[in-house]
Amino acid sequence: MRKAAAEDSHRIPPSPVVHIRGLCDAVVEADLVEALDKFGNICYVMMMPFKRQALVEFDSVESAERCVSSEAACIGEQQAFFNFSTSQRITRPTNADDPTSGNKVLLLSIQNPLYPITTDVLYTVCNPVSNVQRIVIFKRNGIQAMVEFESVEDAQKAKLALNGADIYASCCTLKIEYARPNRLNVVRNDNSSWDYTKPFLLHRERGKGRQRQAILGDRPSSSYGPHCPLLPLPANSRYRRRGEEVQDMISYPVLLPKTSSSSYLAHATSSSVAMVSGLHPAKMNCSRIFNLFCLYGNVEKVKFMKSVAGTALVEMGDEYAVDRAVTHLNSIKVFGKKLSVCVSKQQAVIPSQVFELPDGCSSYQDFSLTRNNRFSSAQGSRNIIQPPAAVLHFYNAPPNLSQHQLQKLCTEHNVPAFTKFKVFDAKPSSKTLSGLLEFDSKTEAVEALTVLNHHQIRIPNSSNPFTLKLCFSTSSHL
């Protein structure tokens, strides 16, 4: 593999940007800098943690050539592979300059946010590394936050230590860049913003304020999957603050307050309603939106807006379900149109101005009582939140369902046909069938799931149909 990587590098013209592959999950930006700064000055690093890859920009082509031509390099106790990037410069997403610009505010993008992200969580993650002054969390394209540190050096140190790390095991991964503003303006202290230099900004009723014990409990709730521990900094980490007693980053995930969900959301600045635009006017309806969004949380209501064509409001079980939907569904293509999914300013979906969609369906539908919501029962913790993928997992199918019957189902509903089919071995007593379907692309799989999820399959001599259930698989290929 090392030889192949070298051959690839010769086919690509030399560039000051090096593409690194084969990184282990635990690697953060600091590990790359420590391993590679012997080849030359590093200007910028872009982590791609879910791909186990990274881009490193050196100050010269000569430094990059020394890196690519090196015989071996271990990063995080694992051999990595290098070749030249096709880019001559790493694009800075925020158009911010390098740390020499004097910026002490970092922009944190939280990828795959299966658990709630609050100011308490980010403070617990960042403050053991460097002194945190202010935090502001916002939800536009997924979950992002700006964290202001005491100094530029503190921000540099935090970026090195945390860029590419998981807040919880295998999820809530941090992608960190330098932000545009050099100071944050915080008007109140709550779950979405906090000024640690001004504790009097707390605007809450007595007894309902900031609950420090909330981060010392069990997992967030049964709806968010299995227990995932907060990853600690190594005890001997050179990025931990020194000269003062700092509590270790312990393995406690966030616990929602043990009050009703409504009382908790009353203090939240977000919404449990998502706004979806870019919907195909003839092929999308309330049920098909439900089929897609139910993978990320319970769907309560769906309503198409009469005044804005191709736009709908989706009320979900809580604001965290909306966060997951925004993270995984924003910008995906469905029926040739690119969806835009964001948090709505509406706090609920009201069934007003109901009309008929082009396919004859109602523009409004209430799903609050449907059994197809997957996060309501005790089984909800078994849901695995996955981004859209080319492989679908199907289950609850009739035990005698064949590949030919599934192909026929795709044809009848005018959706792309799958290219590979796999059935899981079932117990002799099993009354249903499950397996995997692989499509040529992620877009084709999304369209098939949108149409066929919860399709009812009737079999002879049975009064009750089987409700076919689909979700995105953790497998990349069959």
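The values are calculated or read from the model by the stated rules, or taken from the named source; none is laboratory data. If you're wondering where the values come from, they're calculated on a predicted model, not measured in any experiment. As a convention, Cβ positions derive from the backbone with ideal geometry for all residues, glycine included, and neighbour counts pool all protein chains shown. SASA here: full protein model, heavy atoms, side chains in, ligands and nucleic acids out. Shrake-Rupley method; radii C 1.70, N 1.55, O 1.52, S 1.80 Å.
In table form, for the structure just shown:
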{"read-out": "For the range 264-358, the Rg and Dmax computed from alpha carbons only, in angstrom", "value": "12.5, 40"}
{"read-out": "Relative packing of peptides 453-460, 292-299, 272-279 - highest average C-beta neighbours within 10 Å first", "value": "292-299, 272-279, 453-460"}
{"read-out": "Pairs of alpha carbons in the range 15-82 whose separation is greater than 13 Å (percent)", "value": "57 percent"}
{"read-out": "10 Å-binned pair-distance histogram of the range 287-422 (Cα, whole percent)", "value": "10, 36, 37, 16, 2"}
{"read-out": "Cβ-placed point charges (K, R +1; D, E -1), dipole of the range 423-478 about Cα centre in debye, nearest 20", "value": "360 debye"}
{"read-out": "The range 351-456: chymotrypsin sites (Phe, Trp or Tyr not before Pro) falling in loop per DSSP and having at most 15 other Cβ within 10 Å", "value": "355, 424"}
{"read-out": "Size descriptor, Kirkwood hydrodynamic radius, that averages inverse alpha-carbon separations across the range 394-478, Å", "value": "13.3 Å"}
{"read-out": "Ranked by how many other beta carbons lie within 10 Å on average, peptides 172-178, 281-287 from highest", "value": "172-178, 281-287"}
{"read-out": "With every protein chain in place, the range 262-403: carbon and sulfur % of accessible area (1.4 Å)", "value": "50 percent"}
{"read-out": "The range 349-478, dipole about Cα centre (Lys/Arg Cβ +1, Asp/Glu Cβ -1), debye to the nearest 20", "value": "600 debye"}
{"read-out": "Solvent-accessible ranking of 363, 87, largest area first, probe 1.4 Å", "value": "87, 363"}
{"read-out": "For the range 322-331, Karplus couplings with θ = phi - 60° (6.51, -1.76, 1.60), whole Hz, Gly/Pro x", "value": "5, 4, 5, 5, 4, 4, 9, 10, 4, 6"}
{"read-out": "Options 407, 340, 365, ranked by Cα towards positive dipole end of the range 311-410, top entry (Cβ charges)", "value": "407"}
